[in-house]
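Beneath this line is the structure, given in structure tokens, with notes to follow.
Since every read-out is calculated from the coordinates, none of them should be taken as a lab result. Quantities reported herein were computed from a predicted structural model and do not represent experimental measurements. Here the Cβ is made from the backbone with ideal geometry for all residues, glycine too, and neighbour counts use every protein chain on show.
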Amino acid sequence: MRIESGLKLGFKDVMIRPKRSTLKSRSQVSLERTFKFLHNSYEWTGIPIMAANMDTVGTFEMAKALASKQLFTAIHKHYTIEQWSSFIASIPPSYIPHIAVSTGTSEKDNEKLRLIFSIHPQLKFICIDVANGYSQHFVDFVKNARAQFPDKVIIAGNVVTGEMVEELILSGADIVKVGIGPGSVCTTRVKTGVGYPQLSAIIECADAAHGLGGHIISDGGCATPGDVAKAFGAGADFVMLGGMLSGHHESGGELIERNGEKFKQFYGMSSATAMEKHVGGVAEYRASEGKTVEIPLKGHVADTLQDILGGIRSTCTYVGAPRLKELSKRTTFICVSEQENRVYS
Ligand code: 5GP
């Protein structure tokens, strides 16, 4: 046993210090970014915020709403080939760069992935997602995917430490997804004791990835637009959202009506609800590592997006960053023991 004693930080432990700025208005701030990826010549331009590949969030409806505003969706892996085909037929080509096909790491997952890309070769992004990105089987799957799909952008995760980010990038990932345990419907930290405070994970993993020419996604733990701004400030290239995009008309999950009020179901992908839906129950050797909750219906996601993007533009004006790209360079975090005033919450 060993103890690492340096304190690791989450979003709730810091605030961003304001700085003198010449920006007159948040309308002067551009949230667009252009990225070139390590393992191919593809260049991507858009607003680097993503819907999570959960079946309650990363839906085709969400993808349409987000792509229309240049945001990104990692489409969940449970759609059929036929559903993919009718979706692709229903969207303009300009939406294609804003979606990823998600996959697990089984033989069957790989076959489905090959089939989707053979029918829709214009799709560009693969999101290889497992709860625990530390297994050799996962690394081998990433290597294999790189060999099979040399011209695709590969997202792989999740991990939380620099050495594993490096291993994944050297194995063929262009973008590494970072986050173990911070998610709003995640119970991994409770069930296993394993995790890493998200802000420190971003800072350390971004440093490792950028050193090799790779990128990272901060995945999980953002509960407010301020958290999204902190994730970018810490060095995340992309920020992935689950809970903040759940509960909308465009989200998945059952719509529930009770006493005249409407709710949408939202659950973790390792929750008992998800396992019952997709694999016929929780296997005997494992515990569920996700919650199931009901979210009061939030309306259309476009309004939430405006709130999030408006918040980040405002962060940029507070620190004098005319473009999102400059936010991290201009960020000084201060460690705090308070956040918002909750008198009227
Ligand atoms: P949120 O934005 O809701 O805080 O976090 C979303 C992220 O939580 C997802 O992208 C995924 O990485 C993670 N997640 C989703 N479902 C589960 C689950 O059932 N268990 C765990 N441990 N993490 C989950």
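Among rounded, prolate and oblate, which fits region 1-81 when a ≥ b ≥ c are the square roots of the eigenvalues of its C-alpha gyration tensor, a/c under 1.5 means rounded, and a/b larger than b/c means prolate?
Details: a/c = 1.84, a/b = 1.17, b/c = 1.57.
It comes out oblate by the Cα gyration axes.
Full extension of the segment from E107 to K329, taken as 0.36 nm per residue of separation minus the current Cα-Cα distance, would add 75.7 nm.
Cross-link reach is defined here as a Cα-Cα straight distance under 21 Å, omitting same-chain residues fewer than 8 places apart; for K262 the lysines meeting it are K291, K298. Each helix, a run of at least 4 DSSP H residues, gives -39500 (n - 2.57); summed and divided by the residues of the chain, these come to -9500 deg cm²/dmol at 222 nm. As a rough guide to protection, the peptides 240-246, 74-80 ranked by mean Cβ packing within 10 Å, highest first, stand as 240-246, 74-80.
Peptides 317-326, 94-103, 165-174 ordered by packing proxy, namely the average of other Cβ atoms within 10 Å per residue, highest first: 165-174, 94-103, 317-326. Across region 198-345, the relative contact order, built from alpha-carbon pairs under 8 Å that are at least six residues apart, equals 21 percent. Quick one: putting +1 on the C-beta of Lys and Arg, -1 on the C-beta of Asp and Glu, what dipole do you get for the chain around its Cα centre, in Debye to the nearest 20? Taking the Cα centre of the chain as origin, the dipole is about 980 debye.
Please state the shape class of region 13-169: rounded when a/c is under 1.5, otherwise prolate if a/b exceeds b/c and oblate if not, all from the C-alpha gyration tensor.
Working: a/c = 1.94, a/b = 1.30, b/c = 1.49.
Oblate is the answer for region 13-169, as a/c is 1.5 or above yet b/c matches or exceeds a/b.
Apply the a/c threshold of 1.5 to the C-alpha gyration tensor of the chain and tell me whether it is rounded, prolate or oblate. It is rounded, given that a/c, with a ≥ b ≥ c, falls under 1.5.
Please state the relative contact order of the chain as a whole percent: Cα pairs under 8 Å, 6+ residues apart?
Working: 705 pairs, mean separation 77.9, N = 345.
It comes to 23 percent, rounded to a whole number.
Here the Karplus curve 6.51 cos²θ - 1.76 cosθ + 1.60, taken at θ = phi - 60°, turns the phi angles of region 5-13 into couplings of 9, x, 6, 9, 10, x, 4, 6, 8 Hz, with x standing for Gly and Pro.
What does the extension gain come out to for H210 and D140, with contour length at 0.36 nm per residue minus their alpha carbon separation? Don't skip to the answer; put the middle values down first.
Numbers: separation 70, 0.36 × 70 = 25.20 nm, distance 2.23 nm.
Length gained, H210 through D140: 23.0 nm.
Calculate how many DSSP beta bridges within the chain are antiparallel, expressed in % of all such bridges and rounded to the nearest 5. List each step's numbers first, then the result.
Numbers: 17 of 47 bridges.
Taking every DSSP beta bridge within the chain, about 35 percent pair in antiparallel fashion.
Distance between the 7 Å Cα→Cβ label points at Q148 and E284: 3.1 nm. When we measure straight from the Cα of K36, which aspartates and glutamates land under 20 angstrom away, once same-chain ones fewer than 8 places off are left out? Partners found: D151, E166, E167, D174, D207, D237, E326.
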